[in-house]
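Scroll down for the structure; my scribbles are underneath it.
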Amino acid sequence: MLRLDQVVIEQDGFRLTADWAVPAGAKVAVIGPSGAGKSTLLSVIAGFLEPVAGHVTWQGRDLAGVAPGARPLSVLFQDQNLFPHLTVEQNLSLGLRPDLRLSAAEKQKVAQAMERVGLAGMGARKPAQLSGGQMGRAALARALLRARPMLLLDEPFAALGPALKAEMLELVAQVARESGASVLMVTHDPRDAQAFADLTVLVADGVAQAPVPTAAMFADPPAALRDYLG
């Protein structure tokens, strides 16, 4: 279980609070107006920012002071965070060994991950030789190789067209079901939340509200969500 226990985030005059938990294996959308703090919330969970008060815990373990790379999670960013000078295979290999010195068994895992996301035979390509959808698949494959129990998505597929984005979200859902990972996905698109997420967190007016079932949230939106949806 991921828990944000009376968390207070302050940065350059911005303030956001959160006090809730999500069960292991949940798929959670994080939605709200631009500038409300959705990405900031994920940054605190990931360890790139520290809250000024409260605690972020995973399965009862306080993550305060734990470096991002040592936390039980992977993050997919909007820019996919692929290294342009490395091949696809090397980028994926970083998920297993930062020094890229993989054993034969680890190389097999990389090949299997590429095949799993539809990138078989593309290991020698550089990121610039991939389409946007293929870059998203490569980033997801690296997260798959890391095999962490939490996956944070900061709109990694926002630049894709509707059909390809839906395909990528379905692939994320499949990976989550198979691995049992918890997924928190920042999105501006209510259709993504409704299609993907069991629960939705509304971030507005300085509060990341407790997650509620997605269908219920959109069936009877709170005032802040109605204002956002227009």
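The values are calculated or read from the model by the stated rules, or taken from the named source; none is laboratory data. Keep in mind that what you see is a predicted model, and the values were worked out from it rather than measured. Methodologically, a virtual Cβ is constructed for each residue, glycine included, from the backbone with ideal geometry; neighbour enumeration extends over all protein chains shown. Note: areas computed on protein heavy atoms with side chains; ligands, DNA, RNA excluded. Shrake-Rupley method; radii C 1.70, N 1.55, O 1.52, S 1.80 Å.
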>> Condition (residue is within 13 Å of the chain's Cα centre (by Cα) and of a type outside the set (A, V, I, L, M, F, W, C)) applied to region 50-60: is it met by at least one residue?
In response: no
> Out of all the residues in region 44-61, which are surrounded by fewer than 19 Cβ atoms within 10 Å (Cβ to Cβ) and closer than 21 Å to Val186 by Cβ?
Replying inline: Phe48, Leu49, Glu50, Gly54, Thr57
> What number of residues within region 119-137 satisfy the criterion of being touching a helix residue (DSSP H, G or I) at 6+ places or on another chain (Cβ under 8 Å) and either touching a residue at least 24 places away in the same chain (Cβ under 8 Å) or surrounded by 18 or more Cβ atoms within 10 Å (Cβ to Cβ) (or both)?
Replying inline: 13
> Looking at Ala26, Ala64, which one is open to solvent by less than 40 Å² (accessible area, probe 1.4 Å), of a type in the set (A, V, I, L, M) and closer than 20 Å to Met1 by Cβ?
Replying inline: Ala26
> All but one of (1) open to solvent by less than 40 Å² (accessible area, probe 1.4 Å); (2) under 13 Å from the mean Cα position of the chain (by Cα) hold for Ser39; which doesn't?
Replying inline: (1)
> What are the residues in region 103-117 that are within 21 Å of the chain's Cα centre (by Cα) and either buried (at least 20 other Cβ atoms within 10 Å of the Cβ) or modelled with pLDDT of 90 or more (or both), if any?
Replying inline: Val110, Ala113, Met114, Val117
> Just to be sure, is Gly65 in contact with an Asp or Glu (Cβ under 9 Å, 6 or more places away or on another chain) and either touching a residue at least 40 places away in the same chain (Cβ under 8 Å) or closer than 27 Å to Val186 by Cα (or both)?
Replying inline: yes
> In region 141-174, which residues are surrounded by fewer than 23 Cβ atoms within 10 Å (Cβ to Cβ), at negative phi and touching a residue at least 40 places away in the same chain (Cβ under 8 Å)?
Replying inline: Leu145, Arg146, Arg148, Pro149, Met150, Asp154, Ala158, Ala159, Leu171, Ala173
>> Show me the strands (runs of 3 or more DSSP E) found entirely inside region 1-63 where at least 2 residues are in contact with a Gly (Cβ under 9 Å, 6 or more places away or on another chain).
In response: 2-11, 14-22
>> Just the residues that are more than 21 Å from Arg125 (Cα to Cα) and surrounded by fewer than 20 Cβ atoms within 10 Å (Cβ to Cβ), please, taken from region 72-102.
In response: Pro72
> Out of all the residues in region 64-89, which are part of a strand (DSSP E or B) and among the polar types (S, T, N, Q)?
Replying inline: Ser74
